[in-house]
Amino acid sequence: MLEVKNLTVSFHTYAGEVQALRGVDFAVEDGEVLAIVGESGCGKSVTVQSVMQLHKPDTVDYKAGEILYNGENLLRYTEKQMQQIRGKEISMIFQDVMTSLNPTMTVGKQITEILKIHGQKDAGKNKEQAIELLRAVGIANPEKRFDQYPHEFSGGMRQRVMIAIASACNPKILIADEPTTALDVTVQAQILDLMKELQKERNMSIIFITHNLGVVANIAQKVAVMYGGIVVESGTVYDIFYRSKHPYTWGLMNSTFRLEQDKKEELHPIEGTPPDLLNPPKGCPFASRCEYAMKICTEQLPEQTELGTFHKCRCHLLDPDCPVDIDEVRKHEQKFS
Amino acid sequence: MSKNLVEVRGLKKYFPLGDGNILKAVDDVSFTIREGETFGLVGESGCGKTTVGRTITRLYTATDGQILFDGKDVTHLNKKDSKALAKDMQMIFQDPYASLDPRMTVEMIISEGMKIHKMYSEEETRNRVYELLELVGLNKEHATRYPHEFSGGQRQRVGIARALAVNPRFIVCDEPISALDVSVQAQVVNLLKKLQKEKHLSYLFIAHDLSLVKYLSDRIGVMYMGSLVEVTEAEELYKNPLHPYTRALLSAIPVADPKEENERHRIVLSGEPSNPINTLAECKFYSRCPHKAECCKAGLPALREVKKGHFLACSNADALYVDNQGFL
């Protein structure tokens, strides 16, 4: 349905060229939830903003690759064509609900606006539909809420309004950029349930960006782990959680707090910091923090190895000529379940 | 057992809103923190946990109640005693970007407290800064740099070094890692644990992430709308949560394991906390509680010990969990 191939994106800044994405590949199929996981600055937001073409045209440079939506390359679309895609075919919700709604417009107007843009001119019918949408996302008293402003809503309620706007035109794909990061756990659980419900009802695909592995386990069927502007590993949730092969994925798992964690056990953080994308390393971006790094890791970016139908990984440890046996390495990761 | 270092008795902090209404951010909260212990405070945003921390470090003046530090009442102090106390009590803030002065070098930031308290000579102060930088995993060369040259995790380390500079006995950590990346969070947590062991520090650890609080704390207090609803040891809270709110909080945390996550039964709370401005006749949790009963209409009861070391504020708890031993 949506396929991103070798997407390479740079930004021109005063400091120089930031190579934000260096060949990103992933695919989303019909009715499936893909989670993109990674730390800040790994390029996950840049990736989805490229899909929606939300970057400022004067700074962004799409160097290579394609974004195929139903076989058509979105990177070739004009702004006018993109407007037909945004909101109708692919829509997006953001992390910061405080700034992504317009504070000077009533919530109702913000929902009917998108219906109007995409061709429904009957105001009365639009209002009816907007109220229905508000009800569908679990907002009590939608007739009254329709005329209220965003500041009259709490954070969780605002995210519900965002979801109502994003789902108004029945998009095929919903992109959610850390939609629950700013919310409390109890509200997060409500929003996740709501998204799953909508997804099932309308058979939407969702691209869900997060750094919380618990949320990934809750909502996703497929996962792509990003680091330093590339997808280092991707596969089904089971591939990633139980059969992962990339040292960065292990590191992420090991540094996640678990409720059942024993206090006496020390956490195993990934030492060091992510690479500077102004001047990215020649080899694997994770090499400087990787316990298993070899000489080749600092010299050459590893190719993708196919491990299963969906399971793909970019790591030199998987090379058939690699002297280290990856399964031996895995055994040393005692804490990894 | 070690003695109590911090004792909070009936603490209240009200904020007048200007329109005649009063926001009861902290409403009658009592707990103690023992020497060398970490006390965790959890709850949703707006529940008053940060206000508790800030009132204890006396960034806010308490409306009512008492704060005892090392047996002395420190709720209201004159300027001189206040300054002396500031040496014993330090704070680490949530936002590593906003809590460091962008126009000061790291050395100036870390040494400021030592200079104010006239602790060391100039040369000693400098050496102490280097020592602290190394202690928190940075190095000497970082001393002349400015905050903007550091990543979030490194800035938080500078914040920790600043808090440690005056040799405090007690540190309030207000969500010190929630602004950091997952891989860096674990680094800072390990550092906080190591420092506690080495320097015999006591922490008040404020966070909304229960899995993290459980890992770090000896005892935990769960707050809801300005009141403590449950206080007990970390392990006990996780194994036998009694208050319906605590149970909902625990069950809302997504588990990083897809198989378990699929099978888990989750208590999803409906709605959000009611407005803390209105004084409610019934229990504060009434509108969201899955186990509400007639007796709950009388209001939120005081904390009482239902099991050794396990304190609970719930009118209906007897019927639900305690008598029939219906622990999880």
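For the range B:154-172, state whether one or more residues are within 21 Å of A:ARG258 (Cβ to Cβ), touching a residue at least 12 places away in the same chain (Cβ under 8 Å) and either of a type in the set (A, V, I, L, M, F, W, C) or out of contact with any Gly (no Cβ under 7 Å at 6 or more places or on another chain) (or both). So that I can check it myself, show each step before the final result.
To start, the set of residues in the range B:154-172 that are within 21 Å of A:ARG258 (Cβ to Cβ) comprises none.
No; the residues of the range B:154-172 include none that is within 21 Å of A:ARG258 (Cβ to Cβ), touching a residue at least 12 places away in the same chain (Cβ under 8 Å) and either of a type in the set (A, V, I, L, M, F, W, C) or out of contact with any Gly (no Cβ under 7 Å at 6 or more places or on another chain) (or both).
Taking the range A:144-186 as the search range and keeping residues that are touching a strand residue (DSSP E or B) at 6+ places or on another chain (Cβ under 9 Å) and part of a loop (DSSP other than H, G, I, E, B), which one is farthest from the other protein chains (Cβ to nearest Cβ)?
Here is the first cut: in the range A:144-186, the residues touching a strand residue (DSSP E or B) at 6+ places or on another chain (Cβ under 9 Å) are A:159, A:162-163, A:165-169, A:171-181.
Checking the rest, the ones that are also part of a loop (DSSP other than H, G, I, E, B) come to A:168-169, A:171-172, A:178-181.
Details: A:ALA168: 24, A:CYS169: 28, A:PRO171: 25, A:LYS172: 25, A:GLU178: 12, A:PRO179: 14, A:THR180: 9, A:THR181: 10 Å.
Checking each candidate, the answer is A:CYS169.
Restricting the search to the range A:187-215, which residues are under 16 Å from A:GLY156 (Cα atoms) and either in contact with a strand residue (DSSP E or B) (Cβ under 7 Å, 6 or more places away or on another chain) or more than 14 Å from every other protein chain (Cβ to nearest Cβ) (or both)?
A:MET195
Determine if the range A:43-61 includes at least one residue that is more than 19 Å from A:GLU233 (Cβ to Cβ) and assigned to a strand (DSSP E or B).
Yes, because at least one residue in the range A:43-61 is more than 19 Å from A:GLU233 (Cβ to Cβ) and assigned to a strand (DSSP E or B).
Across the range B:252-269, which residue is surrounded by the fewest Cβ atoms within 10 Å (Cβ to Cβ) among those that are more than 25 Å from A:ASP239 (Cα to Cα) and facing chain A (nearest Cβ under 8 Å)? Let's see the steps before the verdict.
In the first step, residues of the range B:252-269 are kept if they are more than 25 Å from A:ASP239 (Cα to Cα); the result is B:267-269.
Remaining after also requiring facing chain A (nearest Cβ under 8 Å): B:268-269.
Details: B:VAL268: 14, B:LEU269: 26.
By that ranking, first place goes to B:VAL268.
How many residues are surrounded by fewer than 14 Cβ atoms within 10 Å (Cβ to Cβ) and either over 25 Å from the mean Cα position of the chain (by Cα) or not in a loop (DSSP other than H, G, I, E, B) (or both) when one looks only at the range A:286-318? Before the answer, list the steps.
Initial filter on the range A:286-318 (surrounded by fewer than 14 Cβ atoms within 10 Å (Cβ to Cβ)): A:291, A:295, A:299-300, A:303, A:306, A:308-309.
Subsequent filtering for residues that are either over 25 Å from the mean Cα position of the chain (by Cα) or not in a loop (DSSP other than H, G, I, E, B) (or both) retains A:291, A:295, A:299-300, A:306.
Of the residues in the range A:286-318, 5 are surrounded by fewer than 14 Cβ atoms within 10 Å (Cβ to Cβ) and either over 25 Å from the mean Cα position of the chain (by Cα) or not in a loop (DSSP other than H, G, I, E, B) (or both).
If a residue must be at pLDDT below 90 and among the aliphatic types (A, V, I, L, M), how many such residues does the range A:54-102 contain?
Result for the range A:54-102: 2.
Quick grid of which residues meet (1) at pLDDT below 90; (2) over 23 Å from B:ARG155 (Cα atoms); (3) of a type in the set (Asp, Glu):
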{"residue": "A:MET204", "(1), (2), (3)": "no, yes, no"}
{"residue": "A:ILE209", "(1), (2), (3)": "no, yes, no"}
{"residue": "A:VAL215", "(1), (2), (3)": "no, yes, no"}
{"residue": "A:VAL231", "(1), (2), (3)": "no, yes, no"}
{"residue": "A:LEU259", "(1), (2), (3)": "yes, yes, no"}
{"residue": "A:PRO269", "(1), (2), (3)": "yes, no, no"}
{"residue": "A:LEU277", "(1), (2), (3)": "yes, no, no"}
{"residue": "A:PHE286", "(1), (2), (3)": "no, no, no"}
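Is there any pair with a first residue in the range B:27-56 that is within 14 Å of chain A (Cβ to nearest Cβ) and touching a residue at least 24 places away in the same chain (Cβ under 8 Å) and a second that is part of a helix (DSSP H, G or I) and charged (D, E, K, R) whose Cβ atoms are under 6 Å apart and which are 6 or more apart or on different chains, and what are they?
B:GLY43/B:LYS49
Sort out which residues of the range B:171-201 are buried (at least 21 other Cβ atoms within 10 Å of the Cβ), among the hydrophobic types (A, V, I, L, M, F, W, C) and more than 12 Å from every other protein chain (Cβ to nearest Cβ), and write them in order of number.
B:ILE171, B:VAL172, B:CYS173, B:LEU201
Return a yes/no flag: does the range A:38-58 have any residue that is farther than 21 Å from A:ASP177 by Cβ and either of a type outside the set (Val, Ile, Thr) or exposed (fewer than 13 other Cβ atoms within 10 Å of the Cβ) (or both).
Here is the first cut: in the range A:38-58, the ones farther than 21 Å from A:ASP177 by Cβ are A:58.
Adding the requirement that they be either of a type outside the set (Val, Ile, Thr) or exposed (fewer than 13 other Cβ atoms within 10 Å of the Cβ) (or both) leaves A:58.
Looking through the range A:38-58, at least one residue is farther than 21 Å from A:ASP177 by Cβ and either of a type outside the set (Val, Ile, Thr) or exposed (fewer than 13 other Cβ atoms within 10 Å of the Cβ) (or both).
State which residue is modelled with the lowest pLDDT when the search covers only the range B:215-232 and only residues that are over 12 Å from the mean Cα position of the chain (by Cα) and within 11 Å of chain A (Cβ to nearest Cβ).
To start, the set of residues in the range B:215-232 that are over 12 Å from the mean Cα position of the chain (by Cα) comprises B:215, B:218, B:224-232.
Restricting the remaining residues to those that are within 11 Å of chain A (Cβ to nearest Cβ) gives B:215, B:218, B:224.
Numbers: B:TYR215: 89, B:ASP218: 94, B:TYR224: 92.
It comes out as B:TYR215.
Residues that are of a type in the set (S, T, N, Q): list the strands (runs of 3 or more DSSP E) wholly contained in the range B:166-239 that include at least 2 such residues. Spell out the reasoning first.
Details: elements: B:170-174, B:202-207, B:219-224, B:227-233.
In the range B:166-239, the matching strands (runs of 3 or more DSSP E) lie at B:227-233.
The values are calculated or read from the model by the stated rules, or taken from the named source; none is laboratory data. Computed from a predicted structure; not experimentally measured. Positions of Cβ are generated from backbone atoms using ideal geometry, with glycine treated the same way; all protein chains shown enter the neighbour counts.
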